[in-house]
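See below for the structure under consideration.
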């Protein structure tokens, strides 16, 4: 299918083979797979089909997508389905967006220990929210919320932080009433910040004592317990940044906003401006300079390196659910919340089996409609077989 504009896939196809040759020893299997998936996405390498309009005869070739979670082109249907699932879980209360960030010293440890430290960020932040919300001095209720891990800044730098979407209230300890938060206010961010700091550092120190943290290059010396303690000394005293944004205006705004934070990758195709003379130029927003829009230029290899920083380890869940939204309690406790809030019971809908019907139901856009005449239906008339490409056998001599 015809397309316009520069894509991340173009960058990977152009610079990816040389990057793999130069960095073969340091590329994890997850990052290598992400590179190959993005380069192959919607090309003949993955196969596809030929469609023809039953009215005007217009013909088009549609190649299959890679469906990799790191591909900028493969998140549309997954995002739409996820949002539809979350729509059924919305409660008729205000929602708050709470963000937990860490100091630069912790970012460095996370860079070299992704799985361990990202899990610690989720654990410390979610425990902070649950414990403080349960305290009668603040809310005195069990809350339910979801968290999304982001690891990037606008310039593709490493900046791990967790976004949480939290209803403004929760279930009373006896489960017999809904406890509303104060209008326009959820929980005190200074209290959240200090408990998060304490928990995060405690869990980091436990991970270090258990031998779960590794350090390389300029930070190799942190293997020594005394050096590790000295390194963390400044962050014990620093104020960690936790902030809660204004409550959303309503459920529609909640979904629109959270949809920007879930099925995203480090950079979208629409931010790319050019690829010339071995360099990539893209737009970014500088939050430290009044949110000004700026442009950045990187060498092709450096662009790929920064992008791959944000490819998460295999099996890592970047969207997680807690409290009365946790998987084991969600159905029962959500039903109780709706009952206490006077809401009608949720009626689950069976999604269409065919992805094209599902896409149209979720987005309102048809994948069957002829793009040429606008009235005919595109019908598959031929299949394109996926290319059988074997990876070279590694030399183990």
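The values are calculated or read from the model by the stated rules, or taken from the named source; none is laboratory data. Note that this is a predicted model, so its numbers are computed, not measured. Note that we place each Cβ from the backbone using ideal geometry, even for glycine, and neighbour counts take in every protein chain shown.
Structure summary
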item: Count - residues of region 63-110 that are in a helix (DSSP H, G or I), over 22 Å from residue 193 (Cα atoms) and either touching a helix residue (DSSP H, G or I) at 6+ places or on another chain (Cβ under 7 Å) or modelled with pLDDT of 90 or more (or both); result: 7
item: Any hit, region 302-311, residues being within 20 Å of residue 259 (Cα to Cα) and either without any contact (Cβ under 8 Å) to a residue 60 or more places away in the chain or under 18 Å from the mean Cα position of the chain (by Cα) (or both); result: yes
item: Count - residues of region 1-23 that are surrounded by 15 or more Cβ atoms within 10 Å (Cβ to Cβ) and touching a strand residue (DSSP E or B) at 6+ places or on another chain (Cβ under 9 Å); result: 7
item: Subset of region 18-52 (residues that are outside any helix (DSSP H, G or I) and more than 21 Å from residue 62 (Cα to Cα)); result: 23, 27, 28
item: In region 120-147, the residues that are within 21 Å of the chain's Cα centre (by Cα) and surrounded by fewer than 18 Cβ atoms within 10 Å (Cβ to Cβ); result: 123, 127
item: Residue 218 at pLDDT 95 or above, farther than 30 Å from residue 86 by Cβ and not in a loop (DSSP other than H, G, I, E, B); result: no
item: Some residue of region 145-161 being closer than 20 Å to residue 334 by Cα and in a loop (DSSP other than H, G, I, E, B); result: no
item: Residue list for region 242-276, restricted to those being over 20 Å from the mean Cα position of the chain (by Cα) and touching a residue at least 40 places away in the same chain (Cβ under 8 Å); result: 246, 247, 248, 251, 273, 274, 275
item: Enumeration of residues in region 211-241 that are free of Cβ contacts under 8 Å to residues at least 40 places away in the same chain, under 29 Å from the mean Cα position of the chain (by Cα) and farther than 20 Å from residue 159 by Cα; result: 211
item: Meets criteria (surrounded by 12 or more Cβ atoms within 10 Å (Cβ to Cβ) and under 26 Å from residue 165 (Cβ atoms)) for residue 271; result: yes
item: Any pair with Cβ under 6 angstrom, 6 or more apart, that starts in region 27-38 at a residue that is in contact (Cβ under 8 Å) with a residue 40 or more places away in the chain and on the phi < 0 side of the Ramachandran plot and ends at one that is crowded, with 18+ Cβ neighbours inside 10 Å and assigned to a helix (DSSP H, G or I); result: 31/308; 35/12; 35/16
item: Number of positions in region 102-113 that are surrounded by fewer than 19 Cβ atoms within 10 Å (Cβ to Cβ) and either in contact (Cβ under 8 Å) with a residue 60 or more places away in the chain or under 18 Å from the mean Cα position of the chain (by Cα) (or both); result: 6
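Listed here are the residues, each with its yes/no results for (1) more than 30 Å from residue 26 (Cβ to Cβ); (2) out of contact with any helix residue (DSSP H, G or I) (no Cβ under 7 Å at 6 or more places or on another chain).
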{"site": "194", "(1), (2)": "yes, yes"}
{"site": "206", "(1), (2)": "no, yes"}
{"site": "211", "(1), (2)": "no, yes"}
{"site": "219", "(1), (2)": "no, no"}
{"site": "243", "(1), (2)": "yes, no"}
{"site": "246", "(1), (2)": "yes, yes"}
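Residue by residue, here is whether (1) under 26 Å from the mean Cα position of the chain (by Cα); (2) farther than 19 Å from residue 112 by Cα; (3) crowded, with 18+ Cβ neighbours inside 10 Å holds:
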{"site": "25", "(1), (2), (3)": "no, no, no"}
{"site": "28", "(1), (2), (3)": "yes, no, no"}
{"site": "32", "(1), (2), (3)": "yes, no, no"}
{"site": "35", "(1), (2), (3)": "yes, yes, yes"}
{"site": "43", "(1), (2), (3)": "yes, yes, no"}
{"site": "48", "(1), (2), (3)": "no, yes, yes"}
{"site": "51", "(1), (2), (3)": "no, yes, yes"}
{"site": "57", "(1), (2), (3)": "no, yes, no"}
{"site": "60", "(1), (2), (3)": "no, yes, no"}
